[in-house]
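Please read the structure below before turning to the comments.
The values are calculated or read from the model by the stated rules, or taken from the named source; none is laboratory data. Predicted, not measured: the structure shown is a model, and the values here were computed from it. Areas reflect the complete protein model, heavy atoms only, side chains present, ligands, DNA and RNA absent. Shrake-Rupley method; radii C 1.70, N 1.55, O 1.52, S 1.80 Å.
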Amino acid sequence: MNNLVSELEVTERGVYNEVISLLAHIADQDKNRIALRIASIAKTKLVSVVRVLLEKLQQDEEATNEVKVAASNTLVTLASCYFDDVMYELHCHLKPPKLPEEFILVTLGNLSSAYALDCIPFVEMTLSTMFSMLELVNDSRMRQAFCGVLEQWSRAVRLFLASWEKYPFPKVGELRLCNHFLPVYSHVTSNWLTCEELELKQAVIKALGPMMSLLLHKEEYQGQIFEQMSWLLEQYKESTDVFHVTKSLSQLLEVSGEYKIPLPKRKFQAICSALHNQLCSQAKPLSMENHTELVYCIVQLARSSPDDLIAFLHSQLEIENEAVCVASLNLLRAIVSADLPETRLKKFLIVKAVKSTFSDQNATVRKAVLHFIRTLLSSESVENCAAWDMVAHVFREFSVSISKLVLWPRLLEYVVPAQYTGTLKPLCRCLRELAEKKQQEGEEAACLDYGGSVNFPTPQGLLARLLVVASSPYAGEGHGCAALQLLQALHQNIHAAVGEMWVVKIPSLLQYIEGNTENSLDHARWEHMLLQFLRTSLAMIDDSAWKFPV
């Protein structure tokens, strides 16, 4: 009888042998097929399958890393249907004071990444159990494994807090969830920050960001978190992979911006400087992912304190350094592109900062300014931020080179049509500069060729349009002055007879506009002055072609 085995024992042995055989022959192209096969066995023998997989995770010598990875991944796959069962079996292997095998922790972390919200009911039990083991963890690899769990479970809780109203878990548990991370966070920051191993330091950095961003939700922890930011910033000077530093910072700044948690003034400035230095540094090329994350951090800072950030970037634009200036312009462009509610009403400050670079002749800086302008004009709500000064700058950039003077006189096509009224101020300024440049080349060069392919407005049409614009001199950010100045610059293209009179009369009209405001202007008198100017001009022209407007 002793040699006989029960049917149950035979079945259990069969499950064990089949699962072991499947794991032993796993190959890259077979992973999904094998996982599905093991999952099908688990439909009737779940506990047996889970225990076999956990056994493989804990074997030091018999199982290769590839087999352990396969066992771990298969457990994660099984959890899609049997989450509570898999989690229960994993917790059975977290028995302090004995430390679990590394792959038990790896699987625990992967479960959280794959099924974040399913893990929420297990947060308290998991973290309290892990905390009871931390004093025993001296091996670098095990510390990395613990950090991995802390990182991934912190992310799971963050996901829950960001969308808790969609799920059945009680909101009252929010602060309690954050509290569970404080003991493990305190242990890690008190004991593991001085580690020398590069891989462990990176694991610590990756875990700190998510944990700190959770604790930042509670006011009583914020001072401690703000101080720890200094350690994170110091890591930019070390040989660690700085992307992980930036990623951890971005998570903190995201919470700070989203929940309107103000950063201390000094800390804000220190973060701005550290991030900006990374973007400007030419000592070590930035990876694309780190560059993207650095810019994202700056955008998050714009949510919490837009005025301070814009002032900081404005100050950087005043430094005579190409890399510093270009980086600052690109960051201002990123802020405009993000179109945050906090910065929409600050565009005039951003434009003011960018305008301070207009005199910079560095080609790279000029190109960065043009990229900024393109982004600005593509954004919403640009009416009150001197956007047309930006447009005028684009026109001036085109007119810098003689080879770009194709703008003269083609831009005249846009003066008369009503749909381009919004662009009149920069358009008039640009045309005036182009006309004056052509006049310096000689009278013949400045004359318009009405027989060419360009559909020019007639002299009569130009005069009428610009005087109509001038009749409302403060509209369109003050396009009346620009219209009169263009009229003076075009005098020889309007008619040769008016040149001397306009040189005297137009400056007096401009002086009257500039000496008043929209509220103080005597509109009746202003209309009379313009009509008198028109009568005098027409009397001097005395040309039959002007008798009937074309």
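Annotations
- With DNA, RNA and ligands ignored, accessible area of W231 (1.4 Å probe; Å², nearest 10): 50
- Accessible area in the full protein assembly, largest first, 1.4 Å probe, for R432, R525: R525, R432
- Cross-link pairs exceeding 18 Å between alpha carbons, from the set K355/K425; K95/K201; K201/K237; K247/K367; K206/K247; K218/K260: K95/K201; K247/K367.
- Taking the accessible area of segment 73-197, probe 1.4 Å, and keeping the other protein chains in place, the carbon and sulfur fraction comes to 54%.
- Net length available on complete extension from L531 to T421 is 37.4 nm, with 0.36 nm assigned per residue and the Cα-Cα distance removed.
- Under the Karplus curve 6.51 cos²θ - 1.76 cosθ + 1.60, θ = phi - 60°, whole-Hz ³J(HN,Hα) for segment 412-428, x wherever Gly or Pro sits: 4, 4, 9, 6, 7, x, 5, 5, 9, 4, x, 9, 4, 4, x, 4, 5
- Length added when fully stretched, S359-Y414, from 0.36 nm per residue minus Cα-Cα: 17.1 nm
- Solvent exposure of Y414, expressed as accessible area, is near 90 Å², computed with a probe of 1.4 Å over the protein chains only.
- Taking all protein chains as they are arranged and a probe of 1.4 Å, the heavy atoms of T536 leave approximately 50 Å² accessible to solvent.
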